[in-house]
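Novice: Handing you a structure now.
The values are calculated or read from the model by the stated rules, or taken from the named source; none is laboratory data. All of these numbers come straight from a predicted model, not from anything done at the bench. No Cβ is skipped: glycine too gets one built from the backbone with ideal geometry, and neighbour counts run over all protein chains shown. Heads up: the accessible areas ignore ligands, DNA and RNA and are worked out on the full protein's heavy atoms, side chains in. Shrake-Rupley method; radii C 1.70, N 1.55, O 1.52, S 1.80 Å.
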Amino acid sequence: MPVVAMKEMLDRALAGRYGIAAFNILNDLTIEAVLAAATEENAPVILQTSVKTVRAYGRRQLFGIFEALVRDVPVPVTLHLDHCPHRDVISDCLAGGWNSVLFDAHELDVAENLRQTTEVVAEARRTGAHVEGEIEGIQGVEDDLGSDEASRIQSLEVAVDFIKRTGVDCFAPAIGNAHGQYRSAPVLDHQRVSDLVEATGVPMALHGGTGLSDEQFTDLISRGCAKVNISTALKESYLKESLRFLKAAEAQGKWDPPALFTAQRTAVIEMAKRHIRLFGGSGRAW
Ligand code: 13P
């Protein structure tokens, strides 16, 4: 099985200053399509699951699907749990085979967040897994988590102290990024990424990937955003293609589910390939 540790993937990407695309998959079709795109691009890829997706399937069933679909894939793949404030879900996924988790405790004060994140890191190490940390909310509601309010930004010193003392393997800074489509062009604090990477040597996770410009992606990746999250673009490519297909099916009175699945798969593959290429991930499989 080509499953590799998250840290190995991100450390290579940070050293080479390219980004690993991390797609929020939703079901078997989107898992398979993202894996097909990574295979076509010969790129390492991160599949990430929201808590909502884990709960919708059941952890055991979702991992079973992942395991079956990843088995013959020739590129490195890692499975990550996206924003999760719930310690029981974190423990369940770590015990169930996830390679990495984002313990999202930004609603706690930093001291308590630090204390609990340190515990999560210790727990993850017992299964060889890795941890992404977060001390500021990323704006925007996604899969029922988060808020549309801008979060309080912590100082550089607080963020660096958190990263060093918890031992997290990756960190998700709030830099003006937001989940979902941007309502106006985002103004990003790219210097914060450079400062955090320089002070810690730890790769950053860029959240809110959908809607950033090509230049913003390239700049942030060159500064050390080694993990680049894409969720909304996957949902939109999948569902907009479904809508287009179903409208045509209705007009023609022709109902052919496998043809719908092919159209959905093609749309997700194209979306994923475009991002993998843009992030410099093509040809980076090992
Ligand atoms: P988008 O939905 O904006 O692509 O953000 C994805 C993300 O950051 C998942 O945590």
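Novice: Just need a number here: residues in the stretch 122-136 that are open to solvent by less than 20 Å² (accessible area, probe 1.4 Å) and either under 15 Å from the mean Cα position of the chain (by Cα) or under 14 Å from Leu81 (Cβ atoms) (or both).
Specialist: Counting residues in the stretch 122-136 that are open to solvent by less than 20 Å² (accessible area, probe 1.4 Å) and either under 15 Å from the mean Cα position of the chain (by Cα) or under 14 Å from Leu81 (Cβ atoms) (or both) gives 6.
Novice: List the residue pairs whose Cβ atoms are under 8 Å apart, where the first residue sits in the stretch 180-195 and is within 13 Å of Cys225 (Cβ to Cβ), the second is modelled with pLDDT under 95 and not aliphatic (A, V, I, L, M), and the two are 6 or more positions apart or on different chains.
Specialist: Here the result reads Leu188/Gly176; Leu188/Asn177; Asp189/Gly176, each pair linking the stretch 180-195 to a residue that is modelled with pLDDT under 95 and not aliphatic (A, V, I, L, M).
Novice: If only one of Glu40, Glu107 is surrounded by fewer than 23 Cβ atoms within 10 Å (Cβ to Cβ), more than 19 Å from the chain's Cα centre (by Cα) and within 20 Å of Ile138 (Cβ to Cβ), which one is it?
Specialist: Glu107
Novice: What single numbered condition from (1) open to solvent by less than 30 Å² (accessible area, probe 1.4 Å); (2) more than 15 Å from the ligand (Cβ to nearest atom) fails to hold for Gln191?
Specialist: Gln191 satisfies every listed condition except (1).
Novice: Right, another one. Given the criterion hydrophobic (A, V, I, L, M, F, W, C) and open to solvent by less than 60 Å² (accessible area, probe 1.4 Å), identify the matching residue among Leu212, Leu243. Working first, answer last.
Specialist: Values: Leu243 fails: open to solvent by less than 60 Å² (accessible area, probe 1.4 Å).
Exactly one residue qualifies, and that residue is Leu212.
Novice: Okay, moving on. Please specify each residue of the stretch 113-129 satisfying the condition of being in contact with a Leu (Cβ under 9 Å, 6 or more places away or on another chain) and of a type in the set (Gly, Ala, Ser).
Specialist: If the condition is that a residue be in contact with a Leu (Cβ under 9 Å, 6 or more places away or on another chain) and of a type in the set (Gly, Ala, Ser), then Ala124, Ala129 are the ones that fit.
Novice: When you look at Val158, is it under 30 Å from Ala122 (Cβ atoms), away from the ligand (no atom under 13 Å from the Cβ), within 17 Å of the chain's Cα centre (by Cα) and free of Cβ contacts under 8 Å to residues at least 60 places away in the same chain, yes or no?
Specialist: Working: under 30 Å from Ala122 (Cβ atoms): yes; away from the ligand (no atom under 13 Å from the Cβ): yes; within 17 Å of the chain's Cα centre (by Cα): no; free of Cβ contacts under 8 Å to residues at least 60 places away in the same chain: yes.
Criteria not met by Val158.
Novice: So, one more: Filter the stretch 137-155 for residues that are open to solvent by less than 60 Å² (accessible area, probe 1.4 Å) and touching a residue at least 24 places away in the same chain (Cβ under 8 Å) and give the result. Can you show your working first?
Specialist: First pass over the stretch 137-155, keeping only residues open to solvent by less than 60 Å² (accessible area, probe 1.4 Å): 137-138, 140, 142-143, 145-147, 151, 154-155.
If the condition is that a residue be open to solvent by less than 60 Å² (accessible area, probe 1.4 Å) and touching a residue at least 24 places away in the same chain (Cβ under 8 Å), then Gly137, Ile138, Gly140, Glu142, Asp143, Leu145, Gly146, Ser151, Gln154 are the ones that fit.
Novice: Does Gln181 satisfy the condition of being surrounded by fewer than 14 Cβ atoms within 10 Å (Cβ to Cβ) and within 14 Å of the ligand (Cβ to nearest atom)?
Specialist: yes
Novice: Please verify whether Glu142 is within 14 Å of the ligand (Cβ to nearest atom) and at pLDDT below 95, treating the condition exactly as stated.
Specialist: Answer is yes for this residue.
Novice: Give the residue that is nearest to Glu123 (Cα to Cα), with candidates limited to residues of the stretch 75-93 that are open to solvent by less than 10 Å² (accessible area, probe 1.4 Å) and more than 13 Å from the ligand (Cβ to nearest atom).
Specialist: Ile90
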